[in-house]
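See structure below.
The values are calculated or read from the model by the stated rules, or taken from the named source; none is laboratory data. What you are looking at is a predicted structure, and each value in this text was computed from that prediction instead of being measured. A quick note on method: Cβ atoms are made from the backbone with ideal geometry, for glycine too, and the neighbour counts reach across all protein chains shown. When the accessible area is computed, the model is the full protein with side chains, heavy atoms only, and any ligands, DNA or RNA have been set aside. Shrake-Rupley method; radii C 1.70, N 1.55, O 1.52, S 1.80 Å.
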Amino acid sequence: MAVQGGLLAATIAQREEEKLLEKIGLSEKESKVYLAALELGQDSVQNIAKKAGVNRPTAYFILEKLMELGLISTLEHGKKTLFIAENPKELEN
């Protein structure tokens, strides 16, 4: 039962984070992609898309927009591009 309670609390916390990001102008999908990238650390668009529940082309489009806003940066790792969410503390400034 404690595991279910922990999952519920995590889901509620994530939804509250999404609402906060929406307040600063991000769409629901943009918020989900940002939070997925934040949780994963540095990762591929495929993994971010899967975690965010969006398709890969949509994730690329959203990541590009988030990069323009300064919320996401990239790191070249061999032939792969990894995406990194910037620290949410930066959003407060």
Could you list, in sequence order, all residues of the stretch 43-58 that are open to solvent by less than 40 Å² (accessible area, probe 1.4 Å) and farther than 22 Å from LYS79 by Cα? ALA52, VAL54
In the stretch 71-93, residues that are over 13 Å from LEU38 (Cβ atoms) and at pLDDT 90 or above total 8
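For (1) closer than 14 Å to ILE84 by Cα; (2) crowded, with 22+ Cβ neighbours inside 10 Å, each residue gets a yes or a no:
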| residue | (1), (2) |
| --- | --- |
| LEU21 | no, no |
| LYS29 | no, no |
| TYR34 | yes, yes |
| GLY41 | yes, no |
| GLU64 | yes, no |
| MET67 | yes, no |
| GLY70 | yes, no |
Quick check on THR11: is it at pLDDT 90 or above, β-branched (Val, Ile, Thr) and more than 18 Å from LEU82 (Cβ to Cβ)? no
Name the residues in the stretch 20-32 that are in a helix (DSSP H, G or I) and either touching a residue at least 60 places away in the same chain (Cβ under 8 Å) or touching a Ser or Thr at 6+ places or on another chain (Cβ under 8 Å) (or both), would you? LEU21, GLU22, LYS29
